[in-house]
Amino acid sequence: MTYVNSFYFRGLNDADMEITVLDIQILKALHREVKEVSKLIEEITTPYKALQQATKWLDQQEACQLLNISKRTLQTYRAKGILGATQINRKTYFRLSEVELLMQGERPLKKQKK
């Protein structure tokens, strides 16, 4: 038989407190179920981990710090097409790989005309 008991008592500050006593079998079963759910989540997310690690994103502050520029200069880079960005809900993100290319001088600072 398994038992779950709850006891209520008045605490020091007149606040109700609850103590729940679980049978060890219930606790072990709960532990097994949590482990199973954890394994399922791991299996589901494994294919996407490589993609997530391959594409690192920086917010404006991080991009400015890496490039050693102001937010206004970063905005100018976006406007001129020097550095691509993605906007999600009013927040702008930059690919780390693109920022690194710009840092290495492999991207032109001015957009070339055709």
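The values are calculated or read from the model by the stated rules, or taken from the named source; none is laboratory data. This is a predicted model, so every value here is computed, not measured. As a convention, Cβ positions derive from the backbone with ideal geometry for all residues, glycine included, and neighbour counts pool all protein chains shown. Side chains are part of the model used for accessible areas, which takes the heavy atoms of the whole protein and leaves out ligands, DNA and RNA. Shrake-Rupley method; radii C 1.70, N 1.55, O 1.52, S 1.80 Å.
What the table below lists for this structure:
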{"quantity": "Subset of the stretch 55-108 [open to solvent by less than 50 Å² (accessible area, probe 1.4 Å) and of a type in the set (S, T, N, Q)]", "calculated": "THR55, THR73, THR76, THR92"}
{"quantity": "Contacts under 8 angstrom Cβ, first residue in the stretch 84-96 being small (Gly, Ala, Ser), partner open to solvent by less than 50 Å² (accessible area, probe 1.4 Å), 6 or more apart", "calculated": "GLY84/PHE94; GLY84/GLU98; ALA85/THR92; ALA85/PHE94"}
{"quantity": "The one condition in (1) open to solvent by less than 100 Å² (accessible area, probe 1.4 Å); (2) modelled with pLDDT under 95 that VAL37 fails to fulfil", "calculated": "(2)"}
